[in-house]
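The values are calculated or read from the model by the stated rules, or taken from the named source; none is laboratory data. Predicted model, so just to flag it, every value in this text is computed and none were measured. FYI the Cβ positions are ideal-geometry reconstructions off the backbone, even for glycines, and counts take in every protein chain you see.
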Amino acid sequence: MQEELRHQIALTQIPLIGDIVAKKLLAHFHSASAVFEARKHELEDIPDIGALRAAAILEFRDYEHIDREIEYMEQHDIQPVFYTSAQYPQRLKHCADSPVMLYYKGHADLNAGRIVSIVGTRTPGDYGRSVCAKLVEDLAAHNVTIVSGMAYGIDIIAHRQALQHDIPTIGVLAHGLDRIYPPQHKGTAMAMIENGGLLTEFLSDTQPDKQHFPMRNRIVAGIADATIVVESGLKGGSLITADIANSYNKDVFAIPGRVGDPHAAGCNELIRTNRAMLITSATDLLQAMGWDHHRPPKTQPDPQLGLFMTLDESERHILTLFTGSDEKHIDQLRRESYLPGSQVASLVLKLEMQHVLRGLPGQKYQVIN
């Protein structure tokens, strides 16, 4: 197992091998160790690998650095979460460019039933601060996990409000777990480990360099059912996160603001261009996501759908989209369902975990007979 972990980390450190190519290698060889044990011609024969990438894999030797990293993780209770692990965030796994390896310190469930990302400007006004605080407070009774990026402004307000109201909250970092940036947020970060967690794709000696923040944003967008932009200018990381979430077919929401207010310009533009749905409260969010009511009493599904367990109305609806043993892509299920796209993804994930649906390569699914 330790040797496989060494190869899993190594796979993320090879020049020319990014997350998408790494997943192709894993799909072909089924494990990281098998990738490094492969012969040159076996690697070269895989589409998009070729001679240069094959040589980069065969020539990799920096295991001393990896062994130090594994030792650091063991000493500091950091969990490696590889792409093929059951603990890996399944919502994020459905995103084509999701990281192959994550590093996690905390106790919150990365596959919790309801996850919302809250993002916004680093310099919010009084309105943005109060709206963000009220939004998080009102979600406390609805089993929602809050995700953000640990930055100044809206991010840290969301995290602190979640802690105050005993809501699990996960901070996604643009650097390694050996530091907190900005350092002023270290106290909050330590509290989050006890009721939430800290998540990153970067090794422990990685600095918070500029290019790492857009990479961080794709995790913030991909790990959640929905992204909420509270306040934002016309440019910045919040709009990048919203655009990434849209590219993942996730639900995006924005708090509207006054015309002419630079803090509200980004949110108003998202709403104007139909890249985000307007919400003014947690109630609006809960209604849009279908989270505003209790689940109906569970009933037995129709016999032709399988008698392995009791499913509720929404779960049965997802199964009615399948015919016999056909395969369906997650995007096709979203189009054919009357439910919000993120709810479809959540239900599909739940049915997969209950062994009703089988996940296939390419984000396709099939009913297990």
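Report yes if ALA32 is in contact with a Phe, Trp or Tyr (Cβ under 8 Å, 6 or more places away or on another chain) and either at pLDDT below 90 or among the small types (Gly, Ala, Ser) (or both), otherwise no. So ALA32 passes the test. Scanning region 242-280 for residues that are of a type in the set (S, T, N, Q) and within 14 Å of the chain's Cα centre (by Cα) yields ASN246, SER247, ASN249. I'd like to know if region 24-37 contains one or more residues that are outside any loop (DSSP other than H, G, I, E, B), β-branched (Val, Ile, Thr) and in contact (Cβ under 8 Å) with a residue 40 or more places away in the chain. Taking every residue of region 24-37 in turn, none turns out to be outside any loop (DSSP other than H, G, I, E, B), β-branched (Val, Ile, Thr) and in contact (Cβ under 8 Å) with a residue 40 or more places away in the chain. Can you confirm whether region 185-205 contains a residue that is more than 25 Å from ASP138 (Cα to Cα), of a type in the set (Ser, Thr, Tyr) and touching a residue at least 12 places away in the same chain (Cβ under 8 Å)? Yes, some residue in region 185-205 is more than 25 Å from ASP138 (Cα to Cα), of a type in the set (Ser, Thr, Tyr) and touching a residue at least 12 places away in the same chain (Cβ under 8 Å).
Those residues that are hydrophobic (A, V, I, L, M, F, W, C) and more than 17 Å from MET215 (Cβ to Cβ), I need them from region 241-256; list them, please. The answer is VAL252, PHE253, ALA254, ILE255.
If you check ILE57, ILE46, ILE14, ILE66 for being over 26 Å from the mean Cα position of the chain (by Cα), crowded, with 19+ Cβ neighbours inside 10 Å and not assigned by TED's automatic domain parsing to the domain that holds GLU352, only one passes: ILE57. Out of everything in region 325-369 that is in contact (Cβ under 8 Å) with a residue 24 or more places away in the chain and among the small types (Gly, Ala, Ser), what residue ends up being farthest from LYS250 (Cα to Cα)? By that ranking, first place goes to SER325. Residues in region 251-295 that are in contact with a Cys (Cβ under 9 Å, 6 or more places away or on another chain) and not aliphatic (A, V, I, L, M): PRO256, GLY257. Does ASP166 fit the bill of being out of contact with any Phe, Trp or Tyr (no Cβ under 7 Å at 6 or more places or on another chain), more than 21 Å from GLN207 (Cβ to Cβ) and in a loop (DSSP other than H, G, I, E, B)? For ASP166, the condition - out of contact with any Phe, Trp or Tyr (no Cβ under 7 Å at 6 or more places or on another chain), more than 21 Å from GLN207 (Cβ to Cβ) and in a loop (DSSP other than H, G, I, E, B) - is met. Where helices (runs of 4 or more DSSP H) fall entirely within region 199-290, those with at least 1 residues that are at pLDDT 95 or above, assigned by TED's automatic domain parsing to the domain that holds GLY149 and in contact with a Phe, Trp or Tyr (Cβ under 7 Å, 6 or more places away or on another chain) are at 212-222, 282-289.
The listed residues are HIS175, HIS159, and the only one of them that is surrounded by fewer than 24 Cβ atoms within 10 Å (Cβ to Cβ) and under 20 Å from the mean Cα position of the chain (by Cα) turns out to be HIS175.
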